[in-house]
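Worksheet: one structure, shown below.
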Amino acid sequence: MREGDVMLTDGRTVHWYADGPDDASLTLFWHHGTPNIGQPPGPLVRPATERGIRWIALDRPGYGGSTRAPGRAVADVVGDVVAVADARGVGRFAVAGHSGGGPHALACAALLPERVRACVAVGGLAPYGAEGLDWFGGMSDGSRGELEAAALGPAALAAQAEAEFDASSFTPADHEALRGPWKWFSGIVEAGLAHGPDGMVDDDLAYVADWGFSPAVIDVPVLLAHGGRDRMVPYTHGEWLARTVPAAGWRLFPDDGHISVLLHAETFLDWLVEAA
């Protein structure tokens, strides 16, 4: 894996990662969850390479090596992605995101149609206040408490950020995946919080604010996937997005949770190769 930095005109630094052959037929931008850093998903690096895919990813502001940008919106990730893509000499690319990375991947699909070839969003949130969606319904106490605090504002969220993680947010299948193929998460979560909760706080505030785009305007190929037992982000969010994003594909895995749904991720890579 290679790493580097891009200096932006506003003085911020964006830290990027790249993995896979530079001559791969498809470049895939990875959008990480909350709280993570942007390293490409370790369990999928080899399967991606086998499919002719290389990864590029970045730390969102406030995480890892990227400068914080208080008050950022979900749509603001687009400028950072363009800066990294241009610096790496990448013209067109696909995007994928898991959990909190889902809205950021959708932002790129909505706002960069001339560059995004296809998009996958797994276990991601729908916009706050989405019409016809019980936004907090089905969330674990921990997930609901964090996002309700975000809706109250920065001070309430900062206090909530000190709370212990609610292990019931993950299903038994999630915990098994975290002990096995997806134990990779433990390292990137630790790294995501290494400099404090700023990145997580800014993510959560962005999720409950205006995203800066509507999913309804997306006209590139999109695949939405969700675990039917997800308690971190209930599958109803994915269903709402599948109804709203024109011609989106929808895959529901009834027995999976927020993490175990990623056990199907190689099939998402196959879809990306075909769609792109």
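The values are calculated or read from the model by the stated rules, or taken from the named source; none is laboratory data. Remember, it's a predicted structure, so these values are computed and weren't measured experimentally. With ideal geometry, Cβ positions are generated from the backbone for all residues, glycine too; neighbour counts draw on all protein chains shown. Just so you know, the surface numbers come from the protein's heavy atoms only, side chains and all, with ligands and any DNA or RNA stripped out. Shrake-Rupley method; radii C 1.70, N 1.55, O 1.52, S 1.80 Å.
Things worth noting here:
- Exclusive hit being free of Cβ contacts under 8 Å to residues at least 40 places away in the same chain, open to solvent by 10 Å² or more (accessible area, probe 1.4 Å) and not hydrophobic (A, V, I, L, M, F, W, C), set Thr236, Thr267: Thr267
- Selection within segment 154-193 - free of Cβ contacts under 8 Å to residues at least 40 places away in the same chain and either closer than 22 Å to Arg72 by Cβ or not in a helix (DSSP H, G or I) (or both): Ala155, Ala156, Ala159, Gln160, Glu162, Ala163, Glu164, Phe165, Asp166, Gly180, Lys183
- Those residues of segment 219-232 which are open to solvent by 10 Å² or more (accessible area, probe 1.4 Å) and in contact with a helix residue (DSSP H, G or I) (Cβ under 7 Å, 6 or more places away or on another chain), in sequence order: Val220, Pro221, Gly228, Arg231, Met232
- Residue in segment 54-73 that is at pLDDT 95 or above and under 23 Å from Ser260 (Cβ atoms) present: yes
- Failed item, numbered, when Ala107 is tested on (1) under 18 Å from Ile56 (Cβ atoms); (2) surrounded by fewer than 21 Cβ atoms within 10 Å (Cβ to Cβ); (3) in contact with a helix residue (DSSP H, G or I) (Cβ under 8 Å, 6 or more places away or on another chain); (4) among the small types (Gly, Ala, Ser): (2)
- Scanning segment 80-102 for residues that are over 23 Å from Leu223 (Cα atoms) and either among the basic types (Lys, Arg) or open to solvent by 10 Å² or more (accessible area, probe 1.4 Å) (or both) gives Ala83, Asp86, Ala87, Arg88, Gly89.
- Segment 17-57 - residue that is touching an Asp or Glu at 6+ places or on another chain (Cβ under 6 Å) and under 21 Å from Val116 (Cβ atoms) and, of those, surrounded by the most Cβ atoms within 10 Å (Cβ to Cβ): Gly38
- Trp250 meets the conditions (1) more than 18 Å from Asp174 (Cβ to Cβ); (2) among the hydrophobic types (A, V, I, L, M, F, W, C); (3) open to solvent by 60 Å² or more (accessible area, probe 1.4 Å); (4) part of a helix (DSSP H, G or I) in every case but one. The failed one is (4).
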